[in-house]
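Below you'll find the structure, written out as structure tokens, and then a few comments.
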There are 2 protein chains.
Amino acid sequence: MRIGVIGGTGKEGRGLALRWALAGHDVVIGSRDAERARAVAAELLPLTGGKLTGSDNGAALSGAEVVLLSVPYAAHAETLHGLKAELADRILIDITVPLQPPHVGQVHLPKGESAALEAQAILGPTAKVVAALHHVSSTQLLEPSKIIDCDVLLCGDDPQAKATVTALVVDLGLRGLDAGPLRNSIALESLTPVLLTLNKKYKSAGAGIRFTNIKVP
Amino acid sequence: MRIGVIGGTGKEGRGLALRWALAGHDVVIGSRDAERARAVAAELLPLTGGKLTGSDNGAALSGAEVVLLSVPYAAHAETLHGLKAELADRILIDITVPLQPPHVGQVHLPKGESAALEAQAILGPTAKVVAALHHVSSTQLLEPSKIIDCDVLLCGDDPQAKATVTALVVDLGLRGLDAGPLRNSIALESLTPVLLTLNKKYKSAGAGIRFTNIKVP
């Protein structure tokens, strides 16, 4: 599957791009700075043996069946407004957490209640926004031999899009759990400051979550 | 320790009262209906061999070092206003989740952003509100031989109160994790609708949560 990663030069986008390329997907890392995207792709390519290229954000979307949005919250709305036409009927995985530096260990609710709900509002009802992958440590994604001890919660209002993204989560070697409608992205995004608090308090390099008493068929 | 449980005749309050009595604490189950509280205490007492009594909510608080608030969200503000004087400088564990029946699988943010923040606002700054224990299945609490596969997140703004409640969590046989300031109760409360969604979707009797890559000293 062709996957475009907007903001793919950051740690989380980079880690996911690497893992999906390793799983055989055709991944394009996008950035506002095409040169930088190409440099990151060239750096990761030897680790994958697969298809991994870099370009500006617009070109990264071209022909992509799924688009991952991985930008800091400060650039979230502006990036979406700029790519609105291209994203109108696309599956968009939004991993954005509305952190408020320097208080990244405290929950911050944005005006639209969650970044993913804001994305859906900006793009309109035909876009298929799925909120997911907020809790997977980028450090662990970037070590391809590492088995990541974390479940992935997904929420969204389009069941087909949620199924497509669940399959991509499985390709990362992770378990995807259906966490309900897009509105529940409030819970998923709010959990990240808690994980950052736990990391600091218990000196962990990357706390993860697992759900117990759940069997996925 | 003496623990008063406001709304202790509900499933969650009853389960926690039972487990704490088993751990040797002196637990008073409170209810608006003292007769009903006494009946529930009498029903649970043979399982504990400890101290477990019932009374109206006001008497349940008398002399309690820690008070647990376990009422439906619809009764949350009214209950707190009614007991405001008694709770003014007390440690209050608030396990309330602002669910909106019948849509209990969807996150609902109340006016004050979380029930626990609303509790603190009602009681004033001298009350020591700790939000915790939202994710522990009452069904499992009520089976005393059951080892519960769930971590407990705690948040609050008073470190001493948080430490006291953490010790009570350990007495339940569970691991307590410091999830930061009371503001982070938004995350803790929002996670409950996600767990209820998972229970329904994957036919679980009580999904729990565990944090990975965390070692508690």
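The values are calculated or read from the model by the stated rules, or taken from the named source; none is laboratory data. Model, not experiment: these values are computed from the prediction. Reconstructed Cβ throughout: ideal geometry from the backbone, glycine too, with neighbour counts over all protein chains shown.
Points worth noting:
- For the stretch B:138-190, the set of residues classified as facing chain A (nearest Cβ under 8 Å) and in a loop (DSSP other than H, G, I, E, B) consists of B:ASP149, B:CYS150, B:ALA179, B:GLY180, B:PRO181, listed by residue number.
- Residue identified as in contact with a Gly (Cβ under 9 Å, 6 or more places away or on another chain), on the phi < 0 side of the Ramachandran plot, without any contact (Cβ under 8 Å) to a residue 40 or more places away in the chain and among the hydrophobic types (A, V, I, L, M, F, W, C) among B:ALA116, B:ALA131, B:ALA121: B:ALA121
- Sole residue being buried (at least 21 other Cβ atoms within 10 Å of the Cβ) and among the acidic types (Asp, Glu), chosen from A:GLU12, A:GLU43, A:GLU35: A:GLU12
- Out of A:LEU168, A:LEU177, A:LEU142, one residue alone is buried (at least 16 other Cβ atoms within 10 Å of the Cβ), touching a strand residue (DSSP E or B) at 6+ places or on another chain (Cβ under 6 Å) and not acidic (Asp, Glu). It is A:LEU177.
- Residues of the stretch B:29-60 satisfying the condition of being closer than 20 Å to B:GLY173 by Cα and not in a helix (DSSP H, G or I): B:GLY49, B:GLY50, B:LYS51, B:LEU52
- Selection count, the stretch B:68-85, where residues are closer than 18 Å to B:PRO101 by Cβ and out of contact with any helix residue (DSSP H, G or I) (no Cβ under 9 Å at 6 or more places or on another chain): 4
- Among residues of the stretch A:84-106, those that are charged (D, E, K, R) and assigned to a loop (DSSP other than H, G, I, E, B), counted: 2
- Exactly one residue among A:ARG32, A:ARG2, A:ARG38 is modelled with pLDDT under 95 and of a type outside the set (A, V, I, L, M, F, W, C), and that residue is A:ARG32.
- Cβ-Cβ under 8 Å pairs, at least 6 apart or on other chains, the stretch A:96-109 side under 12 Å from B:ASN184 (Cα atoms) and within 12 Å of chain B (Cβ to nearest Cβ), far side of a type in the set (Lys, Arg) and not in a loop (DSSP other than H, G, I, E, B): A:GLY105/A:LYS200; A:GLN106/B:ARG183; A:VAL107/B:ARG183
- Filtered residues of the stretch B:191-204 (kept if within 7 Å of chain A (Cβ to nearest Cβ) and either of a type in the set (D, E, K, R) or in contact with a helix residue (DSSP H, G or I) (Cβ under 9 Å, 6 or more places away or on another chain) (or both)): B:LEU191, B:PRO193, B:VAL194, B:THR197, B:LYS201, B:SER204
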